[in-house]
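Presented below is the structure to which this report refers.
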Amino acid sequence: MNYIYLDNSATTKPSEASLKKMGEALTVCYGNPSSVHKVGNEAKKMLDEARRRVILSLGFRRENDCRLFFTSGGTEANNMAIFGSVFAKDRPMKNGSRGKIFISAGEHSSVVNAAKRLEAEGFTVLEVPTAGGVLDLDYIKENADNNTVLASFMLANNETGAIYDVKSAFQIIRAASPKAVCHVDAVQAYLKMKFTPTSLSADLLSISAHKIFAPKGAGALYVTHDMIKAKRIIPILYGGGQEDDYRSGTENVPAIVAFGAAAEEGKAQMAERIEKITALREKLLVALGEMDVRANIPEKTLPNIINITLPGIRSEIMLNYLSGEGICISAGSACSTHSSGPSHALLAYGLPKDEADTSVRISLSHENTAEEIDTFISALSRGLQTLAKK
Ligand code: PLP
């Protein structure tokens, strides 16, 4: 298939190193890591190696500096963080609420819908405004109190690329409620910007394999030793006790080892990948600046995500047009394809509804080329002319 793929925030093409490792796990080390024979032991060794690789990719020097539980992806890691921490303690009703939960206004649906479920269980959910791509710290100061049980913020938004100051947000939350759990959804930010879970002062942090050039089917939740010691997190899946009893279910070894390989590769190449993406981004922004579109650029942003508002052309119409030209981009996030209405993240960014409906996302990777950017710009320009006439 010959196409130009500019939808790398939806998912990425697995790297050769990750596929090679996956192949090994499928053909040679195909055992169950819980089995006590040689084939099982080989699979266990591969699983341990993947865990070490992912932990080191998060900026730790040693594997035992933290805990890391493998999950099926970012969605499960977010659900484990949210339900696993909130239900770890008794949360009796006090003044009409079982506790406050802070999320940002443009969270991924795996956080929004988990929080909605908790609202139905008697918790109070507060959405922190993110106008212009800035997490509103004053809102947190005004609303956090000692009944706050959880703060779950994304480090970077999947639709706008905006980077949020989660560290300052957590400082405010902890000053009001020292026992509140602080979770970061780092699915988009992971290996696209420099951070460590410690630098963000996160208790919990979610990542996903298929956003970093590994296949779908694996993710992980980072957990501090303190969270485990103080029993501030419990499992959400019960069964055979895999992952030290924190995530039962036979481990998806092929996807996990591919994740480990992509993490190691991504960490080693991070600086050069960011440099390449930044150059492509600058080229793209210059060309867009000469067209009848507006780039919505947050104050602090990931290099790979660019959201643009088209002049009165609905995003799906442009997506279909570009798809016909062999170019893949998206409107909002891939996950919001299933929900109707304008993107809540773009509304939270401050776009009016009609502009949110006419905005598209371009998400780059180090595998894109300058020629691809030229081809995209020509196709977008033709699309703007053709569709404006309809
Ligand atoms: N969080 C963010 C910010 C995302 O962008 C995504 C996926 O798009 C997820 C969570 C969910 O990750 P997964 O697709 O691995 O379930």
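The values are calculated or read from the model by the stated rules, or taken from the named source; none is laboratory data. What you see is a predicted model, and the numbers here were worked out from it, not measured in a lab. In this analysis, Cβ positions are derived from the backbone assuming ideal geometry, glycine residues included, and neighbour counts consider all displayed protein chains.
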*Which residue out of VAL166, VAL149 is under 28 Å from LEU347 (Cα atoms), surrounded by 22 or more Cβ atoms within 10 Å (Cβ to Cβ), of a type in the set (A, V, I, L, M, F, W, C) and in contact (Cβ under 8 Å) with a residue 40 or more places away in the chain?*
VAL149
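Yes or no, residue by residue, for (1) surrounded by 20 or more Cβ atoms within 10 Å (Cβ to Cβ); (2) among the aromatic types (Phe, Trp, Tyr); (3) on the phi > 0 side of the Ramachandran plot:
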| residue | (1), (2), (3) |
| --- | --- |
| GLN188 | yes, no, no |
| LEU191 | yes, no, yes |
| LYS216 | no, no, no |
| VAL223 | yes, no, no |
| ALA230 | no, no, no |
| TYR246 | yes, yes, no |
| ALA255 | yes, no, no |
*Take GLU24 and decide whether it is of a type in the set (Asp, Glu), within 21 Å of the chain's Cα centre (by Cα) and not in a loop (DSSP other than H, G, I, E, B).*
no
*Those residues of segment 124-143 which are in contact with a strand residue (DSSP E or B) (Cβ under 9 Å, 6 or more places away or on another chain) and surrounded by fewer than 22 Cβ atoms within 10 Å (Cβ to Cβ), in sequence order*: THR124, VAL125, LEU126, GLU127, PRO129, GLY132, VAL134, ASP136, LEU137, TYR139, ASN143
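To keep it simple, each residue is scored yes or no on (1) more than 14 Å from the ligand (Cβ to nearest atom); (2) closer than 19 Å to ASN78 by Cα; (3) in contact with a Lys or Arg (Cβ under 9 Å, 6 or more places away or on another chain).
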residue: LYS194; (1), (2), (3): yes, no, no
residue: THR198; (1), (2), (3): yes, yes, no
residue: ILE207; (1), (2), (3): no, yes, no
residue: ARG232; (1), (2), (3): yes, yes, yes
residue: THR250; (1), (2), (3): yes, no, no
residue: PRO254; (1), (2), (3): yes, no, yes
residue: GLU264; (1), (2), (3): yes, no, yes
*Answer from SER18, SER9 - the residue that is surrounded by 18 or more Cβ atoms within 10 Å (Cβ to Cβ), under 22 Å from the mean Cα position of the chain (by Cα) and not in a loop (DSSP other than H, G, I, E, B)*: SER18
_Residues (at negative phi and not in a helix (DSSP H, G or I)) located in segment 96-118_ = SER97, ARG98, LYS100, ILE101, PHE102, ILE103, SER104, ALA105, GLY106, GLU107, HIS108
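Yes or no, residue by residue, for (1) away from the ligand (no atom under 16 Å from the Cβ); (2) over 26 Å from GLY341 (Cβ atoms); (3) touching an Asp or Glu at 6+ places or on another chain (Cβ under 9 Å); (4) at pLDDT below 95:
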| residue | (1), (2), (3), (4) |
| --- | --- |
| ALA77 | no, yes, yes, no |
| MET80 | no, yes, no, no |
| ASN95 | yes, yes, no, yes |
| LYS116 | no, no, no, no |
*Going by the conditions given, is GLY241 without any contact (Cβ under 8 Å) to a residue 24 or more places away in the chain, outside any helix (DSSP H, G or I), surrounded by fewer than 19 Cβ atoms within 10 Å (Cβ to Cβ) and not polar (S, T, N, Q)?*
yes
*Check segment 93-111 and report whether any residue there is surrounded by fewer than 18 Cβ atoms within 10 Å (Cβ to Cβ) and touching a strand residue (DSSP E or B) at 6+ places or on another chain (Cβ under 8 Å).*
yes
